[in-house]
Amino acid sequence: MKHSAPAPRSVFAAPEPSAGAADGHALPLAGRHLVLALTGGIACYKSAELLRLLVKAGATVQVVMSEGALRFITEATMQALSGRPVLTSAWDAREPDSMAHIHLTRQADAVLVAPASTDFIARLAAGRCDEIVSLACVARPPQRCALLVAPAMNREMWAHPATQRNVRRIVDDGAVLLGPAAGAQACGEVGDGRMLEPAELLDAVVAHFQPKSLRGLRMLVTAGPTFEALDPVRGLTNRSSGKMGFAIARAAAEAGAEVTLVAGPVHLPTPAGVQRIDVESARDMLQAVMPQVAGHDVFVATAAVADWRPAEAAEHKIKKAADAAAPEWALVENPDILATVAASVEARPHAARPRPLYCVGFAAESERLLEHARAKRERKGIPLIVANLGPATFGRDDNALVLVDEQGERPLPAGDKLALARLLVADIAARLALASA
Ligand code: C5P
């Protein structure tokens with residue numbers, strides 16, 4: 001009997017899958033295979049860094065470069081960083097059956113075109129296939145392989161009606177647009193058309209793969225400490241870093257929610273797609289939160305709001321004098337934002353949204369965690385409270401959370417704050433789905 005030889009393996013197909021770690025510290029793109037396509041533009045120099053970040057995040061990456069891209073950055077750089085041969089032509093003789101454009105995307109989770117030039121977008125809009133990048137995009141199976149497009153061009157080229165028409169067309173055809181950003185351009189002009197930074201593109205790719213469990217919902221989050229002024233330069237505050245609240249805002253946005261984040265004084269970047277309102281004191285925070293209540297479906301209060309504030313803040317800096325006694329301050333209690341919101345929902349359940357606001361609190365304790373958390377949940381009149389040990393988590397990237405509700409307690413698996421935020425968001429989404437089923 002004659003055995004036929006197995007078909008030679010494509011040089012440009014995905015490598016054999018390897019199992020990624022499945023805990024709260026797993027690499028965010030473990031197990032993903034991506035095609036990174038570069039088209040002509042100076043932003044190509046950023047794509048080397050982007051490739052490095054994608055690989056560090058656990059993805060396997062097959063690079064494809066157009067002729068234009070090869071004028072800006074070499075194939076050798078991208079080959080070294082991806083550890084795989086780079087595809088630069090539909091006629092690549094290394095591919096046994098000359099069908100690289102087909103094999104390229106059959107096991108890929110997404111094609112990321114970064115940078116996407118004006119001309120590439122025009123080709124894609126027209127369905128052209130006369131060079132390798134647009135050919136690979138048109139030949140991909142759209143149900144299982146997303147097309148993510150990161151435009152990079154001069155502001156006039158971006159603003160041109162033909163470009164805008166082409167962008168609308170490719171989005172209608174299913175492409176997901178990442179950016180562009182506004183800012184200084186390589187040509188010296190300033191405006192829309194800059195490619196997103198590599199780290200922003202990495203975050204956008206990671207976000208793309210998150211389940212969209214909160215699509216159509218709006219989440220309001222408070223985060224960080226508050227600052228209660230004693231005089232124009234001093235005040236009472238606490239050691240909350242805001243990291244947990246910002247991670248929850250990011251995870252909710254990744255899950256498809258529209259997110260409003262009311263942040264106390266912290267130096268953290270705003271997560272992509274999140275609407276941020278900066279405040280200073282507890283009273284500012286209450287004032288920022290209350291008008292938002294009616295327009296949101298979920299309220300997550302992670303802020304470490306100062307319980308007390310000085311009864312009066314001095315107008316000018318309080319000066320030290322040799323013979324004067326140390327100043328004394330009377331304190332008054334701050335409003336409890338979470339309890340106020342929960343009570344307002346109870347009193348006025350028919351808001352602008354189809355469902356009543358679902359309130360989630362946090363309890364940061366230094367001892368008897370669960371006992372305090374249970375009592376706090378009842379006192380504030382909320383369905384769910386998330387307990388964590390304050391001193392063990394303030395400022396850190398890791399945390400341990402226990403969910404406390406009417407039924408009892410459930411610890412979340414240990415992980416970094418973003419992993420925990422994603423688990424919490426998934427849990428809240430499941431509770432909302434149950435409530436409306
Ligand atoms: O009472 P305690 O400060 O421990 O409660 C913590 C929870 O209540 C957190 O969710 C916090 O954001 C919220 N809180 C609030 N306004 C306050 C105090 C706490 O929203 N003044």
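FYI, it's all coordinate maths here, none of it is from the lab. This is a predicted model, so every value here is computed, not measured. Ideal geometry is used to build each Cβ from the backbone, glycine not excepted, and the neighbour counts take in all protein chains shown.
Descriptive notes on the structure:
- Estimated distance in nm for a label pair at ALA347 and GLU315, the labels positioned 7 Å out from Cα along Cα-to-Cβ: 3.4
- Listed residues ALA186, ALA76, LEU202: farthest to the positive end of the dipole of the range 33-208 (Cβ charges): LEU202
- Residues within the reach of a label modelled at ASP284 (point 7 angstrom out along Cα to beta-carbon, backbone nitrogen below 11 Å), restricted to the range 221-265, are 226-229, 263-265.
- Looking at the range 226-384, the DSSP beta bridges with both ends there are about 35 percent antiparallel.
- ARG239-ALA184 FRET efficiency (beta carbon distance; Förster radius 25 Å; 0.05 resolution): 0.10
- Order of GLU378, GLU49, GLU95, GLU328 - criterion: other Cβ atoms within 10 Å of each residue's Cβ, fewest first: GLU328, GLU378, GLU49, GLU95
- Rounded to 5, percent antiparallel among DSSP beta bridges of the range 33-208: 20
- Among the listed pairs LYS212/LYS243; LYS317/LYS376; LYS46/LYS243; LYS212/LYS376; LYS46/LYS417, those beyond 26 Å (Cα-Cα): LYS317/LYS376; LYS46/LYS243; LYS212/LYS376; LYS46/LYS417
- Distance between modelled label sites at ARG368 and GLU197, nm, 7 Å Cα→Cβ extension: 4.6
- Stretching the chain fully between ARG168 and GLU378 yields a gain of 70.6 nm (0.36 nm per residue, less the alpha carbon separation).
- The chain: calculated mean residue ellipticity at 222 nm from DSSP helix runs of at least 4, using -39500 (n - 2.57): -9500 deg cm²/dmol
- Computing FRET efficiency as 1/(1 + (r/R0)^6) for HIS267 and SER436, where r is the C-beta to C-beta distance and R0 is 30 Å, gives about 0.20.
- If the chain linking TRP308 and VAL138 were pulled fully straight, counting 0.36 nm for each residue of separation and taking away their Cα-Cα distance, it would gain 55.1 nm.
- For the range 35-71 versus the range 157-217, the gap between their alpha-carbon centres in whole angstrom: 16
- Ranked for footprinting exposure by Cβ neighbours inside 10 Å, fewest first, LYS380, LYS212, LYS46, LYS320 give LYS320, LYS212, LYS380, LYS46.
- Spin-label pair ARG215/ARG355, simplified geometry with 7 Å Cα→Cβ offset, distance in nm: 1.6
- Cα-centre dipole for the chain with unit charges at Cβ (Lys and Arg positive, Asp and Glu negative), debye to 20: 840
- Difference of contour (0.36 nm per residue) and Cα-Cα distance, MET99 to LEU331: 76.1 nm
- The range 223-281 and the range 375-429 have their alpha-carbon centroids 18 Å apart.
- DSSP beta bridges confined to the chain are antiparallel in about 30 percent of cases.
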